[in-house]
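Notes for the one structure printed next.
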Amino acid sequence: MFGLDKKDFRLLLLVAVLVVLAPFLLNPFPEGSAMAQFNAGYPDLMQRFVIFGIFAIGFNILFGLTGYLSFGHAAFLGVGSYAAIWMMKLLTMNVIPAIFVSVIVAGIFSLAVGWISLRRSGIYFSILTLAFAQMSYSLAYSVLTPITGGETGLQPKVTDPRILDGTLANGATPKANLFGLEMGSSFEWSVGGWLFTFNAGYYVAAIVMLVAFYMSIRIFRSPFGMMLRAVKSNQQRLNYTGLNAKPYTLAAFVISGMYAGLAGGLMVAMDTQVGAERMFWTASGEVVLMSILGGVGTLIGPVLGAGAIKYMENILSKINKEILHQWFAFMPDGIEDILVSLVYPFIGKGWHLTLGIIFMLVVIFLPGGLVEGGQRVARLFKRKKPAEDGPDGKTTPAE
Amino acid sequence: MGILEVKNVGKRFGGLQALGDVNLSVAENTVHAIIGPNGAGKSTLLNCLVGKLIPDTGSVMFDGQSVLGRKPYEINQMGISRVFQTPEIFGELSVMENMMIPCFAKRDGAFTPNAFIDMFKDREIVERAEQMLEEMNMADARNDNAATMSRGNKRRLEIGMCLAQEPRLLLLDEPTAGMARADTNNTIDLLKQIKDERDITISIIEHDMHVVFSLAERITVLAQGTPLVEDTPDNIKGHPKVREAYLGETQDAA
């Protein structure tokens, strides 16, 4: 269906179901219970899951397929964000033009950066992209202040022209919307002790993410995607097979830059502000971590990686000393203090330490990322099954 | 006039004159071997033919067109395919995908951003690649990872990939280097078969005299960057200059 084979269609369907049901799945604990702080089903975080999912899916088209490791993709995210906010300032608060223009502008910018950076490969390519991203960051912070707002960043103001929107009612503030549906509006559903939030902005971002994911599957399965994998596998053979590697890698670079711009545009659509720190090199590094953590070159891996990192960033970092004391309260006093001081470095502001440890464990023991972990678990179960079915058990089709 | 005309080609690396003044003419539909001791400039010459190196002087004409200044992929699209000393294939891809890539390159050219079809639904390409795998006796290995194959099979696949492009000139750089005797003989048989069944010119650089004298119709002997002599295999065998420069140590192999 949709030009996908059965296996890919099942994967797309699975992702679609998970994304639609996310407000339930991410809120498994009742409000007010001790575990409620592990709930991730609030709009802000759910939006970030899908937006960074898009960012990582796009990055994976470049890094996962061609093997070219860009350390500057946050620049495209930032450029997309600035483009989107200017659309909101000048044209309309409707998110459609903002998102559309963010993709176009990021695409043009990545074409220029890619054109130059792809003259080199390997570490030199990575350094070139990093240099471009840091230059963009510095420019946004300093000389480009009239366009970027410098340190303070940009926000839609009541006084902006917005030529397509009518004048705002007195006292009203400009809000991002999709033909009147405000991105910030939510429907809350309270069942028993549970509270589920269905946010308009999240579902808009989720639909965009599903389209982005679908397109990535199509690219992976196309002759174009195979050529990109061939670039990674053996560029020498590719050249001597009459294929020009440069336009293939450049196309992959621009596509992944457009994905980054799309993510940037969506960020603005959800939360109408931009700051230059969005382009800082750590933001570029984060998407690399997401891809590797989830599984480079796999379809679903980057989405999983993005989810895992954003979850830790937002949930682990919220745990503080008092909460730890509550957890270990059942222990005798002395041991409680020891346990709390042992765990404390890994939570709150120390969540990076936990991320670092997990990242190291994954790279060493699961080079294929979380996806490989999942495959290993699945294989364990499969091996057990035929034994239970007995000798006449039907063989399951290979996945 | 031959399909490949090399005239007065010279190439210098710093103080080393790798190629002096090479003249070579390869006639269409022949097997032409280039032999010579280590450091004779065989590989440098080959690299000048495929665009990896640009000679300092002279000209290289393929089928009446100059190849100088063209990139390797452009020269390949002109009809020259190259087989490497160590088999260069796409290790992470399946055997079938390996075979599909040259089929796409032949049909669609150097760059076609064909992102919206499933590659296995392209009947024309799939059929062509399957047919080539049949011809190479590799149909059973279709879904294997190319990196897991034996060296002999990798070589077979690489030659198959080159043939899938229907090149007019096939260049082989020591195709049996590092191979066991059985694999070497298989490769010789394969090349003989190719020569008999196709309208193709083969130019081969080789150390192994057994391979050279089993296949070649013309032999050029290169020594210190210049062609010493060019003749038929029978005449080369007995040529005193050649013995002196090269075969003196390996008479038994000849």
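Can you list the helices (runs of 4 or more DSSP H) lying wholly within the range B:79-183 that have 3 or more residues being more than 9 Å from chain A (Cβ to nearest Cβ) and touching a Pro at 6+ places or on another chain (Cβ under 9 Å)?
Details: elements: B:95-108, B:123-135, B:151-164.
Qualifying helices (runs of 4 or more DSSP H): B:151-164.
Quick one: how many residues across the range A:204-223 are more than 14 Å from every other protein chain (Cβ to nearest Cβ), over 14 Å from residue A:259 (Cβ atoms) and either touching a residue at least 24 places away in the same chain (Cβ under 8 Å) or touching a Lys or Arg at 6+ places or on another chain (Cβ under 9 Å) (or both)?
2
Is it the case that residue B:203 is surrounded by 21 or more Cβ atoms within 10 Å (Cβ to Cβ) and either free of Cβ contacts under 8 Å to residues at least 60 places away in the same chain or among the polar types (S, T, N, Q) (or both)?
Values: surrounded by 21 or more Cβ atoms within 10 Å (Cβ to Cβ): yes; either free of Cβ contacts under 8 Å to residues at least 60 places away in the same chain or among the polar types (S, T, N, Q) (or both): yes.
Yes: the conditions hold for residue B:203.
Restricting to the range B:177-191, name every residue that is of a type in the set (Asp, Glu) and either in contact (Cβ under 8 Å) with a residue 12 or more places away in the chain or surrounded by 17 or more Cβ atoms within 10 Å (Cβ to Cβ) (or both). Before you say what the answer is, go through the steps one by one.
Residues of the range B:177-191 that are of a type in the set (Asp, Glu), as a first pass: B:183, B:189.
If the condition is that a residue be of a type in the set (Asp, Glu) and either in contact (Cβ under 8 Å) with a residue 12 or more places away in the chain or surrounded by 17 or more Cβ atoms within 10 Å (Cβ to Cβ) (or both), then B:183 is the only one that fits.
Please find, among A:4, A:25, the residue that is within 14 Å of chain B (Cβ to nearest Cβ) and either surrounded by fewer than 24 Cβ atoms within 10 Å (Cβ to Cβ) or among the β-branched types (Val, Ile, Thr) (or both).
On the way: A:25 fails: within 14 Å of chain B (Cβ to nearest Cβ).
Selected residue: A:4, the only one of A:4, A:25 that is within 14 Å of chain B (Cβ to nearest Cβ) and either surrounded by fewer than 24 Cβ atoms within 10 Å (Cβ to Cβ) or among the β-branched types (Val, Ile, Thr) (or both).
Only one of (1) modelled with pLDDT of 95 or more; (2) of a type outside the set (Gly, Ala, Ser); (3) within 19 Å of residue A:245 (Cβ to Cβ) fails for residue A:120. Which number is that?
That leaves (1) as the condition not met.
Considering only residues that are in contact (Cβ under 8 Å) with a residue 60 or more places away in the chain and within 12 Å of the chain's Cα centre (by Cα), which ones fall in the range B:162-176? If you could, list the steps in order and put the result at the bottom.
The first filter runs over the range B:162-176 and keeps only residues in contact (Cβ under 8 Å) with a residue 60 or more places away in the chain, leaving B:162-175.
Answer for the range B:162-176, where residues must be in contact (Cβ under 8 Å) with a residue 60 or more places away in the chain and within 12 Å of the chain's Cα centre (by Cα): B:162, B:163, B:167, B:168, B:169, B:170, B:171, B:172, B:173, B:174, B:175.
Starting from residues that are more than 30 Å from residue B:131 (Cα to Cα) and charged (D, E, K, R), keep the ones in the range B:56-78 and report whichever is nearest to the other protein chains (Cβ to nearest Cβ).
Start the filter on the range B:56-78 by keeping residues that are more than 30 Å from residue B:131 (Cα to Cα), which leaves B:56-61, B:64-70.
After this cut, where a residue has to be charged (D, E, K, R) as well, the list is B:56, B:70.
Numbers: B:56: 22, B:70: 12 Å.
So the residue we want is B:70.
Somewhere in the range A:290-310, is a residue free of Cβ contacts under 8 Å to residues at least 40 places away in the same chain and either surrounded by fewer than 24 Cβ atoms within 10 Å (Cβ to Cβ) or assigned to a helix (DSSP H, G or I) (or both)?
First, pick out the residues of the range A:290-310 that are free of Cβ contacts under 8 Å to residues at least 40 places away in the same chain: none.
Within the range A:290-310, none of the residues are free of Cβ contacts under 8 Å to residues at least 40 places away in the same chain and either surrounded by fewer than 24 Cβ atoms within 10 Å (Cβ to Cβ) or assigned to a helix (DSSP H, G or I) (or both).
This table checks each residue for (1) within 21 Å of the chain's Cα centre (by Cα); (2) surrounded by 12 or more Cβ atoms within 10 Å (Cβ to Cβ); (3) in contact (Cβ under 8 Å) with a residue 24 or more places away in the chain; (4) part of a helix (DSSP H, G or I).
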position	(1), (2), (3), (4)
A:342	no, no, no, yes
A:351	yes, yes, yes, yes
A:358	yes, yes, yes, yes
A:361	no, no, no, yes
A:364	no, no, no, yes
A:372	yes, yes, yes, yes
A:375	no, yes, no, yes
A:378	no, no, no, yes
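Restrict the check to the range B:38-48 and report whether at least one residue is free of Cβ contacts under 8 Å to residues at least 40 places away in the same chain, at the interface with chain A (Cβ under 8 Å from one of its Cβ atoms) and surrounded by fewer than 18 Cβ atoms within 10 Å (Cβ to Cβ).
No, the range B:38-48 has no match at all.
When the residues of the range B:79-91 are narrowed to those that are surrounded by fewer than 20 Cβ atoms within 10 Å (Cβ to Cβ) and touching a Gly at 6+ places or on another chain (Cβ under 9 Å), which ends up farthest from residue B:172 (Cα to Cα)?
Per the stated criteria, the residue is B:86.
May I ask you to list pairs of residues, at least six apart or on different chains, whose Cβ atoms are under 9 Å apart, with the first in the range B:134-151 being farther than 13 Å from residue B:91 by Cβ and the second being β-branched (Val, Ile, Thr)?
B:136/B:159; B:138/B:95; B:141/B:95; B:142/B:95; B:143/B:95
Is there a residue being closer than 30 Å to residue B:64 by Cβ and surrounded by 18 or more Cβ atoms within 10 Å (Cβ to Cβ) anywhere in the range B:134-157?
No, that holds for no residue.
Among the candidates A:125, A:109, which residue alone is within 18 Å of residue A:278 (Cβ to Cβ), of a type in the set (Phe, Trp, Tyr), in contact with a helix residue (DSSP H, G or I) (Cβ under 6 Å, 6 or more places away or on another chain) and outside any loop (DSSP other than H, G, I, E, B)? Don't jump to the end; show me each part of the working.
Working: A:125 fails: within 18 Å of residue A:278 (Cβ to Cβ).
None of the other options fit; the residue is A:109.
Report the residue count in the range A:249-289 for those that are surrounded by 24 or more Cβ atoms within 10 Å (Cβ to Cβ) and aromatic (Phe, Trp, Tyr).
Qualifying residue count for the region: 2.
Taking into account only those residues within the range A:244-268 that are assigned to a helix (DSSP H, G or I), within 11 Å of chain B (Cβ to nearest Cβ) and in contact with a Phe, Trp or Tyr (Cβ under 7 Å, 6 or more places away or on another chain), which is farthest from residue B:104 (Cα to Cα)? Please lay out each step first, then the result.
Let us first name the residues in the range A:244-268 that are assigned to a helix (DSSP H, G or I), namely A:245-268.
Right, trim to within 11 Å of chain B (Cβ to nearest Cβ) and you get A:245-252, A:254-255.
Among the residues that remain, those that are also in contact with a Phe, Trp or Tyr (Cβ under 7 Å, 6 or more places away or on another chain) are: A:247-250.
Numbers: A:247: 16, A:248: 14, A:249: 17, A:250: 19 Å.
Going through the qualifying residues, I end up with A:250.
Of A:319, A:315, A:309, which residue is out of contact with any Cys (no Cβ under 7 Å at 6 or more places or on another chain) and either modelled with pLDDT of 95 or more or within 12 Å of residue A:56 (Cα to Cα) (or both)? Can you show your working first?
Values: A:319 fails: either modelled with pLDDT of 95 or more or within 12 Å of residue A:56 (Cα to Cα) (or both); A:315 fails: either modelled with pLDDT of 95 or more or within 12 Å of residue A:56 (Cα to Cα) (or both).
Going through A:319, A:315, A:309 in turn, just one is out of contact with any Cys (no Cβ under 7 Å at 6 or more places or on another chain) and either modelled with pLDDT of 95 or more or within 12 Å of residue A:56 (Cα to Cα) (or both): A:309.
The values are calculated or read from the model by the stated rules, or taken from the named source; none is laboratory data. In this text the structure is predicted, and so the values were computed from the model without any measurement. Every residue, glycine among them, receives a Cβ derived from its backbone with ideal geometry; neighbour counts consider all protein chains shown.
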